[in-house]
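The values are calculated or read from the model by the stated rules, or taken from the named source; none is laboratory data. Here the structure is a predicted model, which means the values were calculated and not measured. Cβ: placed from backbone, ideal geometry, glycine included. Neighbour counts: every protein chain shown. To get the accessible areas, we keep the full protein, side chains included, count just its heavy atoms, and leave off ligands, DNA and RNA. Shrake-Rupley method; radii C 1.70, N 1.55, O 1.52, S 1.80 Å.
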2 protein chains.
Amino acid sequence: MADRPQKAEWFGKTRKGTRPKGPVARGREKAREGMTRARAMAPSATPLWRKLGSYLEIRDEEKGFLAELERTIVGHPPRTDLLRQGERYGDVRVMRDGWAMRHKALPDGRRQVVNFVLPGDIIGIYCNLFDIADHSVTTLTAVSVANFPPERVVELFQRFPRLAAALAWAGAKEEAIVAERLLSLGRRTALERTAHLIVELLRRLTVVNLAENGRFTLPVTQEILADALGLSIVHMNRTLRRLRDGGLIELNGQKITVNDLRQLASVGQFDELYLHLIRAPKRLDQVFDTTRGDRGDVRLA
Amino acid sequence: MADRPQKAEWFGKTRKGTRPKGPVARGREKAREGMTRARAMAPSATPLWRKLGSYLEIRDEEKGFLAELERTIVGHPPRTDLLRQGERYGDVRVMRDGWAMRHKALPDGRRQVVNFVLPGDIIGIYCNLFDIADHSVTTLTAVSVANFPPERVVELFQRFPRLAAALAWAGAKEEAIVAERLLSLGRRTALERTAHLIVELLRRLTVVNLAENGRFTLPVTQEILADALGLSIVHMNRTLRRLRDGGLIELNGQKITVNDLRQLASVGQFDELYLHLIRAPKRLDQVFDTTRGDRGDVRLA
DNA sequence: CGTTTCGTTGAACTGCGTCAAGTATCGTGG
DNA sequence: CCACGATACTTGACGCAGTTCAACGAAACG
């Protein structure tokens, strides 16, 4: 297309990096370790099984329980609301296949996409507590989800504390992702946000084997992307163009290819800590095995 | 239109549309009064006890365990880092008294405050999983916190599933707050964000008896507020001025008084769902008592 | 009491939003 | 096979909300 500046500083200045005050500016080094963790589990495993399995070795009886949870499978077409802001929660759902988005809307229609729901993610696990949803979940592709009643979660907490812990930690990871997006919306420019999101998605999808060679399907319109990044559609489009013209990414329909991951991550100020967090968590097994509490009776009295 | 609107539409259009240009006459009063740092404290219950107690009736043995958790109390002066992004997690901490903030920083120093930590809130409960922190926590006031080693969390999951569930749900509530702030940063104007945050804080503080008659202490500089709302200091200041000139709030040092809650909530597009969520959660007791799983042995094998 | 830190305000600038209009692309019915 | 909306993607022109720069007063602090 049009000849544009090449590589290096193609994007011009990213922002005034200097901030006069603020005690926080420690240097952080690469943290390049820890690459060794293998994540792929048995192919037969269900998404939830696989997700929790990344935190600890699932035991047989736990395996059985999880399998039972994911017994009822339902499919939904794209653009279906699985949950609607302001309405009651239904069953708990585990995304098995496909994409969805979690989003919130203002009364006047402005909308914010909070997060993307990928295979293995859970929807509405806390419905026992908040019976009315404060957000919506809408499918982006055709999906297949497993449904089960919320009481099963309580049962899980009672009978399988290790799974409960894994679940809680999975929730914490999600919160960390949302917090990182908050940092994006609050303090990153449009270009930085966009770059950051692309890198994040690439990482998350790589973990679940949905991306390879920096290439993945992004089943999302630019409008939705804009709603995720707090931008207007027009500016979203222009920002993507800048990334394309800079040669960092390629777009063909819903296929996106990351050509220069290093630079994209650098533009997005992608933090290696964050990376570590969304990729390979510490294993819980030994923590559990070490700790006393083995008199495992739930009620002492 | 009148060039100096009263009440009602004093702020002009909130989003799109033209802003009636021209200087807004401002009566600036500077009454600076003694800074009382009043802070109601619980007569008997510890903050954690009280927090989890809002989800379910704490039993005696659970009470004992919680009390033990909060045995080691440590005080810290204002502006102390309790946790530093990029460093290892230490003990788990429960905020007993005072304010802190959770924040993340970009390498170049730009900073985003993710949330404010109030009495009863927990810091670093998931350190078992992520041994390196992706965010910092810094005190805003003098605080008193309870410390305990992370293994106690594991123990709690193993021995007290009801508490574990309450803890998980408390975490979910926090995530909901962060998600709502995400909506603010993504889709609300500066004025709306500010109004929304003030209403949110008023609600949260009222629950723990740290606010009355719409009046509370906000131990925060405008810079920190700006970092929480994704604004520049200058614009933060101007936005607060608009709220003051509109008569919605009053500020004296760190005391803030909400004069017109209704209108403030309306400006901030404060959602009642969200309100419900941060205030009074559903009780878990009966959910637990109903569900089977009473053979409460932790390990079947 | 000097030195920071915090708050405040004017003025100029800019990243991003809004408006408007045009261009693929695709499914659907004729 | 071609019109046909309909939806998504692009791009130019312009305006505004919010940023940056700069400067100063006032409170907090040691």
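Two decimals, Cα atoms only, Kirkwood Rh: what is Rg/Rh over region B:48-187? All intermediate terms of the calculation are to be shown ahead of the outcome.
Details: Rg = 15.2 Å, Rh = 15.7 Å.
Computed over Cα atoms, the ratio is 0.97.
Shielding by partners for B:180-193, please: the mean number of other protein chain Cβ atoms within 10 Å of each residue's Cβ.
That average works out to 6.
Using alpha carbon centroids, what distance separates region B:208-223 and region A:224-266, in Å?
Going from one Cα centre to the other spans 41 Å.
In whole Hz and in residue order, list the ³J(HN,Hα) couplings for region B:245-258 that follow from phi through the Karplus curve 6.51 cos²θ - 1.76 cosθ + 1.60, θ = phi - 60°; x for Gly and Pro.
Computed from phi, the couplings for region B:245-258 are 4, x, x, 6, 9, 10, 10, 9, x, 9, 8, 10, 10, 8 Hz.
Accessible area per residue, 1.4 Å probe, Å², for region A:45-88: what's the number?
Values: 2250 Å² over 44 residues.
Using a 1.4 Å probe on heavy atoms only, each residue of region A:45-88 averages 51 Å².
Total accessible area buried between chains B and A, 1.4 Å probe, in Å² to the nearest 100?
Protein heavy atoms only, the B-A interface buries about 8100 Å².
Taking each label point as 7 Å beyond Cα in the direction of the beta carbon, state the distances from A:G247 to the same residue in the other copies, shortest first, in nm.
For A:G247, the other copies' label points sit at 6.3 nm, shortest first.
Which whole-number percentage describes the relative contact order of region A:79-131, with Cα contacts under 8 Å and a sequence gap of 6 or more?
For region A:79-131, the relative contact order is 40 percent.
For region B:48-187, what proportion of DSSP beta bridges, expressed in % and rounded to the nearest 5, is antiparallel?
Details: 24 of 24 bridges.
Roughly 100 percent of the beta bridges in region B:48-187 run antiparallel, per DSSP.
Take the solvent-accessible surface of the protein heavy atoms, probe 1.4 Å, and return the percent of it on region A:87-173 that carbon and sulfur atoms account for. Please list the in-between numbers first.
Values: 1020 of 2110 Å².
The nonpolar share, carbon plus sulfur, comes to 48 percent.
Within 10 Å of each Cβ of A:266-272, how many other protein chain Cβ atoms are there on average? Don't jump to the answer; show the numbers that get you there.
Working: counts 1, 0, 0, 4, 0, 7, 2.
Mean shielding by partner chains, rounded to a whole number: 2.
Keeping every protein chain present and rolling a 1.4 Å probe, give me the accessible area per residue for region A:188-283 in Å².
On the way: 3720 Å² over 96 residues.
Heavy-atom SASA per residue in region A:188-283 reads 39 Å².
Tally up the carbon and sulfur contribution to the accessible surface of region A:188-283 as a whole percent, 1.4 Å probe, everything protein left in place.
47 percent
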